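The structure appears below as structure tokens.
The values are calculated or read from the model by the stated rules, or taken from the named source; none is laboratory data. Computed from a prediction, not measured in an experiment: that's the story for all the values here. With ideal geometry, Cβ positions are generated from the backbone for all residues, glycine too; neighbour counts draw on all protein chains shown. Just so you know, the surface numbers come from the protein's heavy atoms only, side chains and all, with ligands and any DNA or RNA stripped out. Shrake-Rupley method; radii C 1.70, N 1.55, O 1.52, S 1.80 Å.
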Amino acid sequence: MAEPRTIDIKDQPGFRSIAIICLLVLYIPVLILMIFSLNSGSLVTHWEGVTLGWYGSALRNAEFHNAARNTLIISVTATIVSTICATLAAIGMTRVKPWRGLAAAFMVINLPLMVPEIITAVATLSFFALIAGTFGLNFGIGNLILAHTVFCIPFAYMPIRARLEDMDLTLEYAAADLYATPWNAFKRITLPLLVPGIMSGAALAFIVSFDDFTITQLVAGPGQTTLPLYIWNQIRRPMTPEINAISTILLLVSILFVSISFLIARRRAK
């Protein structure tokens, strides 16, 4: 009996052309942004020479410093809290006997991934407005941290749960057979093996929080400008290559964390 013929998609007509066009459409604008961040002129689209002066101007910009500080406070805090919550949720849904409502809980945790972000933003704004109007409570930048924490949980949850499901349970069973308590088995077996998943989830949560614009735009109050909001405000004024330099810095930070997440996931797959 002849073996079924496999089809290599790379050999299909037009595959390479379509792939090249997609890559060009995706990355040419980014490449132009990075090139013009080195423009010595004061216009964004008129090339006059090479300089690193706009990077120096960006790094001396006090508003940029404030936006970067707010972004780091929000992103780091939201990443830590959301990763802890996601880890506990993943353990509670993979290392216990099936319980009624398990499927519903899985759907609730992942719902923010499917709901349009603008809907989440409006709902979050309405929630904080209700809290402020009813109880007179305003947590300041804590509102942003709480909002970012909530929508980062599913991004951290997915890789952590995937790691737990891929783990060999034999070691945990062996620890139990050797009279290890559940806590000791978790501390010495499960947690060390789970670290790559936790790191991958934390990296994803950080970059999602770091880049968020829609929810932050609606929830942020005075003095709570983050880097995406700062860039948005700058492009509504006469633009200089400084905004390209700031965007390039933001892009490099994003690439760094995506690379970390990729390397951790690759190590996990080995």
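So how many residues does the stretch 195-211 have that are more than 20 Å from T120 (Cα to Cα), of a type outside the set (A, V, I, L, M) and surrounded by fewer than 22 Cβ atoms within 10 Å (Cβ to Cβ)?
Summing the residues that are more than 20 Å from T120 (Cα to Cα), of a type outside the set (A, V, I, L, M) and surrounded by fewer than 22 Cβ atoms within 10 Å (Cβ to Cβ) in the stretch 195-211 gives 1.
Looking at this structure, is T240 over 30 Å from I91 (Cβ atoms), touching a Phe, Trp or Tyr at 6+ places or on another chain (Cβ under 9 Å) and open to solvent by 30 Å² or more (accessible area, probe 1.4 Å)?
So T240 fits the description; yes.
So for the stretch 184-200 (the condition being modelled with pLDDT of 90 or more and β-branched (V, I, T)), does at least one residue qualify?
yes
Which one of these does I119 not meet: (1) over 30 Å from N70 (Cβ atoms); (2) open to solvent by 70 Å² or more (accessible area, probe 1.4 Å); (3) among the β-branched types (V, I, T)?
Status for I119: all satisfied but (1).
Scan the stretch 144-158 for residues that are out of contact with any Pro (no Cβ under 9 Å at 6 or more places or on another chain) and either open to solvent by 20 Å² or more (accessible area, probe 1.4 Å) or part of a loop (DSSP other than H, G, I, E, B) (or both) and report the count.
3
One residue is enough: does the stretch 212-229 have a residue meeting the conditions surrounded by 15 or more Cβ atoms within 10 Å (Cβ to Cβ), modelled with pLDDT under 85 and not basic (K, R)?
No, that holds for no residue.
Where the second residue is outside any loop (DSSP other than H, G, I, E, B) and among the charged types (D, E, K, R) and the first is crowded, with 20+ Cβ neighbours inside 10 Å and lies in the stretch 75-100, which pairs have Cβ atoms under 6 Å and are six or more apart or on separate chains?
A90/R161
Going by the structure shown, is L26 free of Cβ contacts under 8 Å to residues at least 24 places away in the same chain, under 30 Å from R161 (Cα atoms) and open to solvent by 40 Å² or more (accessible area, probe 1.4 Å)?
No.
Mind checking which residues of the stretch 237-251 are without any contact (Cβ under 8 Å) to a residue 60 or more places away in the chain and over 14 Å from the mean Cα position of the chain (by Cα)?
The answer is R237, P238.
For the stretch 43-94, what are the residues that are in a loop (DSSP other than H, G, I, E, B) and either farther than 23 Å from L252 by Cβ or in contact with an Asp or Glu (Cβ under 6 Å, 6 or more places away or on another chain) (or both)?
L43, H46, E48
I need a count of the residues in the stretch 182-194 that are open to solvent by 30 Å² or more (accessible area, probe 1.4 Å) and touching a helix residue (DSSP H, G or I) at 6+ places or on another chain (Cβ under 9 Å).
The qualifying residues number 7.
Only one of these conditions is not met by Y179: (1) open to solvent by less than 30 Å² (accessible area, probe 1.4 Å); (2) among the hydroxyl-bearing types (S, T, Y); (3) outside any helix (DSSP H, G or I). Which number is it?
With respect to (1) open to solvent by less than 30 Å² (accessible area, probe 1.4 Å); (2) among the hydroxyl-bearing types (S, T, Y); (3) outside any helix (DSSP H, G or I), Y179 is out only on (1).
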